[in-house]
Structures are given as C-alpha cells and as structure tokens.
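Heads up, the thing below is written out as structure tokens.
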Amino acid sequence: MEHLPREGSLIEDQILLSQAASGDASAFEAFVLCHREAVWRFTRSLTRDVGAAEDALQETFLSAWRSSASFRGGGSALGWLLSIARHAVYRQHKGRAGEPERMESLAELGEAAGWGADFDPLDALMVKDEVGRALARLPVEDRELLLLREVEGLSNEDCAGLLGLGVRALKSRLHRARLRFVAQLRGEHHGH
Amino acid sequence: MAIEREVAGLRCGEVLAELSDFLDGDMSLERRAQVQAHLDGCDACERFGGAFTAAIRALRQGEPMPPSEASIAFARLSVRLENAGRVGDPATGGFMSGTEHFDQAAATWDLADRRVLLAHAVAEAISSRVPLSKELNVLDFGCGTGLVTLELAPQVGSMSGADTSPGMLTTLAGKAESQGIPVRLLPLTTEGTGDLGGPYDLIVSSMTLHHVADVPALFSRFVQHLNPGGQVALADLDEEEGTFHEDAAGVHHQGFPRNRIHDWLEDAGFRAIQVETATVTAKEGKDYPVFLATARRA
Ligand SMILES: C[S@@+](CC[C@H](N)C(=O)[O-])C[C@H]1O[C@@H](n2cnc3c(N)ncnc32)[C@H](O)[C@@H]1O
C-alpha cells in the first residue's frame, strides 16, 4: 500500500478542523485518528528516537488543536500538520547546526548509487528493513524530504512550501536525495 | 564509472540528471520519448534507471512502524489530548495554554496512563485480529468505564456494554454522551447474571474474565447470545503469581493458562480458536503478558 493522500480527505479535513476550531473536541479527535499514523511515521523516522518522536507527536496535535482556526485549506491538511511536526522535532534540537548541503556533482552521486556499475541495487530491496536502514543513514535534510515526498506522498508544491524552497530548488534537492538514498541501499548490500 | 555515451541524441549524464522528472512524469511527452529512446538503446542507463525506480517505489511502500511502539505513542497522545481537553476549548484559549494543568494532571497521570495504554493495546489487538465493520452488533462484557468500548464503538454498527458495577456504567454513560457515541448499557447483578441482550456478531471482553468465577459457564452463555458464525475476542492476563492485584477481593483467577482458555472455548462449542499475545502490561517493575483469545461460534 502506498501512503498517498486519500480521495476527498481535503474537504473532510477542512470540515473537521473548522469544527475543532469552534471547540468541538470530538471532531478534533476524528482528525487525530485520521492523521496520527502519518505524523508518527514522520516524527519517528525523522528523530530516530522514540521518546523525542512521542514528544513531537503530542506537541504537533496540541499545537494543531490550538491553531485549528488558522488552517485555511490551500494546501493539504497533512502538509500543514507535517510542517508543525517538523518544527516540533527541530525545536528539540535547538541550535541544530544544519549541515550545509553537500554539492557533489551529479555524476559522483550517480556513481555512488551504482550508475555505470554492473551491480544491481535491486538485490538490496529483497532484504527486510534495508529500506528503513538506508533511510536512517541519510543526512536529516535528505531524510525529511524523502519522508514528505515519497512516504507521505505530498506534492512537490506542498513540499516546497513546507521547506521554504522554490519548486525548482525542491526538485533538484529531491533528485539528489533520491540518488543518495539509492547509494545507501547499495552500501547496505555491499556490507558498507 | 561515469558513462558518457550518446544514444538517441542524449548523453548518459543528461539522462541521469532527468531520471527523477522521468519517474515523476514531470516532462513533456517529446522529452519523455527521447529519454525512453536513450534507455532502450543504452544498457547501463536502462539498468540503472530500473534500479532507481524500484528503489524509490520501495521507499513509497513504506515499512511498517513497530506496532507496539505506535500503540503506546497513540495511547499517550490520547491521554495528553484528553487531559488537555478538560481544561477548556480553544475559543477561550483554555486548551493547554499553560503548564498549570500539567501539574494538576500529574497526580493521576501514571495510573491513567497504564490503564489507558492497556485498554488501547487490547482494542488495537482486537481490531487487527477481527475485521470490524458497520454491520456488526457488538457487546463488551465487563466494559468498565468503556476504555475499550468507546474505542471500538465508532468502527462497528452497534455497541452494548455489560457490567456489574453501576458506578462504572455511570462513568461510561457520561463519557459516551460527551463524545456523542451511542452505547447501550446493560447493568448486571453482583453475581453477573442479567440479560446480555443480542444476538451479537462479536462479543469482546478485556480484563474481566478473572473476575468471573465460572468461566466455562460464561462461555456457554456467550454462545447463546451470538449469531451463528459470531465471534468472541477475549483478553485477560496470562497465568500470574497473584501479584497483579493488591486487593484479591473479587479476583477468582490469577490469570489463565492459555490452553485452559482454549479448551473451555472448545467445550462451549467455539471453533477456529486462537490465543495470542495482545500486549504486555508492566506493574511495579514486573511484566504481565495479556492474551487475546479469538474464536468463532459454529
Ligand atoms: C479491570 S476492569 C476492566 C474494564 C474494561 N474492560 C477495561 O478494559 O478498561 C473489570 C470490569 O469487570 C467488571 N466485572 C467484575 N465482575 C464481573 C462479572 N461477574 N460480570 C461482568 N462484569 C464484571 C467490573 O465491574 C469492572 O468494570
């Protein structure tokens, strides 16, 4: 199953959030039930630490409840939530250095990912948990982008808005992140 | 090794740069055909493109999070939201506006936490083992304050809760009303007799069997209140040393060996019996496994 946003959920989310904004706790509860898995998946993979992920999960929904009136539609409610979640995670790591994006050439990135090699990185996909492990080894910037775009299925536009990037810059970062991910999968398989 | 051939008017490097757009369908049809022609004519790029696509698809499938971690996280989230909800509504800015209520909540936190976690884990185990649907009439036997009842109710057609304690049922009635979840309440006598209603498609019970003296008789009673093919999903402690309850009053069993539950269900006329671990609850540093027995009425 791919975690793509469900049909019709946009309208439903908007209704639930506007009810929540007028104090309807059960509407908010329904909203929480719809999205808690996605927020959990995201905070859990982003932080790599259960306790920190739980704090961020709680903070996300508390903050979403407080600011439910400020959700105006426009983007997806999931995108809005994940953007809150992302801030919640980073708040815990105050003064996060923010690794500068490494600017290897595309050819270098490609080669690390097996471009031009006889090796077929597909083999790695057969092994349980390799995807998760490869993801976990990526720098946090790559990881969050892949989580938002691939795992949660947000659009390029939503991702760009959330990360404060233009769509072009986003696509270029996404491509690099994907190549680094394939390189990690390949590294896994070769016993690092 | 970098590959720099030119096939179909494109260099390998250009194809590498555009693989993501190709995968996302984010290019003109013309360009797409050109990239496809290169892939068709260049083994190395075709192989790499295939691997790249497969890897990104695998990422999209996602790997499931450990379910035990998630259910604990969700239960704590519910507790925290529920505690926050008591403070007020967002219109008045009451919801979690200070640390004040945390201090208030802290006194009952652990207690609430453990019970809520356990009930939540049981509810999750039930919904993962029994397909729930809006067609089902369900009874929660020994429903207590409805921790399991109210979590399952929205996923089924109708929900009834039976319990011997009027106090528990009153609390449940209040919660059900404030959450807008209809639950039919069935008060039982102190001996546990009284009409269970039904017939049901599913009878669930959590942490109640050990309070019932004659469990085989209860299972036979369940059969009478189930539709043909109806199911039970019953959770309780594995056999323990009597350390779980500080106060042994009303405790008839110190948990149950799983094979005994199995045999009692079989004797009562149940089939497709499975007894598996639903969760593990910890109390004063000791772990107590909780089983979930599922079975189907013939
Ligand atoms: C430990 S509580 C569990 C409550 C709820 N199922 C939960 O998981 O939170 C046990 C419940 O069983 C009820 N009970 C005790 N003896 C019973 C009996 N013989 N028949 C039905 N319910 C009984 C108690 O009143 C209490 O609400």
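Place +1 on the Cβ of every Lys and Arg and -1 on the Cβ of every Asp and Glu in the protein assembly as shown, take the dipole about the Cα centre, and give the residue among B:145, B:39, A:70 whose Cα lies farthest towards its positive end.
With unit charges placed on the Cβ atoms, the residue in question is A:70.
So which cysteines of the protein assembly as shown have no other cysteine's Cβ under 4.7 Å from theirs?
Flagged as lacking a Cys partner: A:34, A:159, B:12, B:143.
Can you tell me how much longer the chain between residue B:243 and residue B:193 gets when fully stretched, taken as 0.36 nm per residue apart minus their C-alpha distance, in nm with one decimal?
Full extension from residue B:243 to residue B:193 adds 15.2 nm.
Name all residues of region B:162-198 having a backbone nitrogen under 12 Å from the label point set 7 Å from the Cα of residue B:213 along its Cα→Cβ direction, giving them as ranges.
In region B:162-198, the label zone of residue B:213 (backbone N under 12 Å from the point 7 Å along Cα→Cβ) covers B:190-193.
Summarise the partner chain shielding of A:16-26 as one whole number: the mean count of Cβ atoms from other chains within 10 Å of each residue's Cβ.
3
Once you average over the residues of B:71-82, how many Cβ atoms of partner chains fall within 10 Å of each Cβ?
Mean shielding by partner chains, rounded to a whole number: 5.
Which residues' amide hydrogens lie under 5 Å from the amide hydrogen of residue B:226, considering only partners 5 or more residues apart or on another chain, with H built in the peptide plane?
Sorted by chain and number, the residues that satisfy this are B:200.
Treating the beta-carbon of each Lys and Arg as +1 and of each Asp and Glu as -1, no other charges, what is the dipole magnitude of region A:10-92 about its Cα centre, to the nearest 20 debye?
300 debye
Taking 41 Å as R0, compute the FRET efficiency from the Cβ-Cβ separation of residue A:136 and residue B:271 and round it to 0.05.
Calculated value: 0.40.
For B:43-52, what's the mean count of beta carbons from other chains sitting within 10 Å of each residue's beta carbon?
5
Give me, ordered by chain and number, the residues 5 or more places off residue B:158 or on other chains with an amide H under 5 Å from its own placed amide H.
Sorted by chain and number, the residues that satisfy this are B:136, B:137, B:138.
Percent antiparallel among DSSP beta bridges with both residues in the protein assembly as shown, to the nearest 5?
Counting DSSP beta bridges with both partners in the protein assembly as shown, the antiparallel share is about 50 percent.
Which is the longest stretch in chain B that no exposed loop site breaks, taking sites as GluC sites (Glu not before Pro) with a DSSP loop state and at most 15 other Cβ atoms within 10 Å?
Answer from the scan: B:5-134.
With θ set to phi - 60° and the Karplus curve 6.51 cos²θ - 1.76 cosθ + 1.60, what are the ³J(HN,Hα) couplings of region B:229-241 in order, to the nearest whole Hz, using x for Gly and Pro?
Couplings: x, x, 10, 10, 9, 10, 10, 6, 6, 5, 3, 10, 8 Hz.
Modelling each spin label as a point 7 Å along the Cα-to-Cβ direction, I'd like the residue B:128/residue B:287 distance in nm, to one decimal.
The modelled label-to-label distance comes out at 1.6 nm.
Please report, in whole Å³, the volume per residue of the convex hull around the C-alpha atoms of the protein assembly as shown.
Per residue, the Cα convex hull of the protein assembly as shown comes to 182 Å³.
Rounded to the nearest 500, what is chain B's calculated 222 nm mean residue ellipticity when only DSSP H runs of at least 4 contribute -39500 (n - 2.57) each, over all residues?
Computed mean residue ellipticity for chain B: -15000 deg cm²/dmol.
Values in this text are rule-based calculations from the coordinates and carry no lab data. Just so you know, these numbers come straight off a predicted model, no measurement behind them. Methodologically, a virtual Cβ is constructed for each residue, glycine included, from the backbone with ideal geometry; neighbour enumeration extends over all protein chains shown.
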